[in-house]
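Worksheet: one structure, shown below.
The values are calculated or read from the model by the stated rules, or taken from the named source; none is laboratory data. Bear in mind that the values here come from a model prediction, so they are computed numbers and not experimental data. Heads up, the Cβs are rebuilt from the backbone with ideal geometry, glycines too, and the neighbour counts pull from every protein chain shown. Protein only, heavy atoms only, side chains kept; ligands, DNA and RNA dropped before computing areas. Shrake-Rupley method; radii C 1.70, N 1.55, O 1.52, S 1.80 Å.
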Amino acid sequence: MEQLDYNLLFRWFVGLSADDPVWDATVFCKNRDRLLNGDIARKFMTTVLNLPQVRSLLSSEHFSVDGTLIEAWASMKSFVPKDGSRPPSSGNGSGGGGGRNAARDFHGEKRANATHFSMTDPDARLFRKSAGKEAKLAHMGHLMMENRNGLIVDARLTEANGTAERTTALDMIDDNAKPGSTVGGDKNYDTADFVAGCRERRCTPHVAQNDTNRCSAIDGRTTRHPGYAVSMTKRKRIEEPFGWMKTVGGLRKTRHCGRELVEWFFVLTAAAYNLLRIPKILAATG
């Protein structure tokens, strides 16, 4: 709102002339709430994908899915016991006194989502990306990409947990893939429940085999076909939108609290990625 007072670019973007009065901040907040309640970000993304010149760019039979952690706008100090007790400050003489940002000593304290919650963002969950990595307060973002040109056809945000990627992928398959489609994914999707879920939906699971310490859920009946190798190559392109959304789109660490608001921004950023890609693809295809 301060920028609108003097920044001509901001005024041009919202349709104000140089001498028009700026509306009150509460008006902006009410309009933001309307965007959230109307699910405008998702409708905008769907409308762009349904444009005739864009529909011809999309594959209707070959997809890839993946998920990523979106770090929450909350510090580990905000992760406190649900029973109302508060752990002691460090008391080490270096900022360990009271105040809003008192030092905390986490040594020996067991923290888990079942017993703790974040006061800053109650929807965030403590989650570890992989073995050897530190646990962070995060949400989990999910994308579904069509394999022809690497455009995003679905974007969702859920609670960060160990099964969210596969459960959400099956939901996206229900809404976007028709029977006979292929769905590519990394080793995290090589589980019996996800493979069975794909086959129940009459889709072929083209997931990377996780056979290091166990048997893969897919075998040569799937991997022997040339299409499997193509899906293994194409699925890696889903890292490109994730990378753009986290760096350029500012989603490496979200600046919003609450899953509803974070998801709105996640979907809108995915739509922005498509808007940048579509003109380049149309120009290349002539």
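Where residues in the stretch 169-211 are of a type in the set (Ser, Thr, Tyr) and more than 21 Å from the chain's Cα centre (by Cα), which of them is farthest from SER130 (Cα to Cα)? Per the stated criteria, the residue is SER181. Taking the criterion of being open to solvent by less than 10 Å² (accessible area, probe 1.4 Å) and closer than 11 Å to ALA169 by Cβ, the residues of the stretch 185-206 that qualify are GLY185, TYR189, PHE194, GLY197, CYS198, CYS203, PRO205. Of the residues THR68, THR26, the single one that is open to solvent by 60 Å² or more (accessible area, probe 1.4 Å), hydroxyl-bearing (Ser, Thr, Tyr) and modelled with pLDDT of 80 or more is THR26. Within the stretch 196-206, the residues that satisfy the criterion of being part of a helix (DSSP H, G or I) and under 13 Å from VAL65 (Cβ atoms) are GLY197, CYS198.
Mind checking which residues of the stretch 211-239 are open to solvent by 40 Å² or more (accessible area, probe 1.4 Å) and in a loop (DSSP other than H, G, I, E, B)? Of everything in the stretch 211-239, those that are open to solvent by 40 Å² or more (accessible area, probe 1.4 Å) and in a loop (DSSP other than H, G, I, E, B) turn out to be ASP211, THR212, ASN213, ARG214, CYS215, ASP219, ARG224, HIS225. Tallying residues that are of a type in the set (A, V, I, L, M) and not in a helix (DSSP H, G or I) within the stretch 240-265 yields 2. Which pairs have Cβ atoms under 8 Å, sit 6 or more apart or on different chains, and link a residue in the stretch 101-119 that is farther than 16 Å from SER75 by Cα and modelled with pLDDT of 75 or more to one that is part of a loop (DSSP other than H, G, I, E, B) and open to solvent by 70 Å² or more (accessible area, probe 1.4 Å)? Correct list of pairs: THR115/LYS82; THR115/ASP83. The residues of the stretch 245-261 that are open to solvent by less than 80 Å² (accessible area, probe 1.4 Å) and not hydrophobic (A, V, I, L, M, F, W, C), listed by number, are LYS246, GLY249, GLY250, LYS253, THR254, HIS256, GLY258, ARG259. Among the residues making up the stretch 110-125, those that are open to solvent by 30 Å² or more (accessible area, probe 1.4 Å) and not aromatic (Phe, Trp, Tyr) are LYS110, ARG111, ALA112, ASN113, ALA114, THR115, MET119, THR120, PRO122, ASP123, ARG125. None of PHE242, PHE266 is touching a residue at least 12 places away in the same chain (Cβ under 8 Å), of a type in the set (Phe, Trp, Tyr), farther than 16 Å from GLU146 by Cβ and surrounded by 19 or more Cβ atoms within 10 Å (Cβ to Cβ) except PHE266.
Looking across the stretch 149-168 at every residue that is under 12 Å from the mean Cα position of the chain (by Cα) and either assigned to a helix (DSSP H, G or I) or acidic (Asp, Glu) (or both), the one that is farthest from ARG55 (Cα to Cα) is identified as GLU159. Return the residues of the stretch 41-59 that are surrounded by 13 or more Cβ atoms within 10 Å (Cβ to Cβ) and over 22 Å from the mean Cα position of the chain (by Cα); say none if nothing qualifies. Once the filter is applied, which keeps residues that are surrounded by 13 or more Cβ atoms within 10 Å (Cβ to Cβ) and over 22 Å from the mean Cα position of the chain (by Cα), the stretch 41-59 yields VAL54, LEU57.
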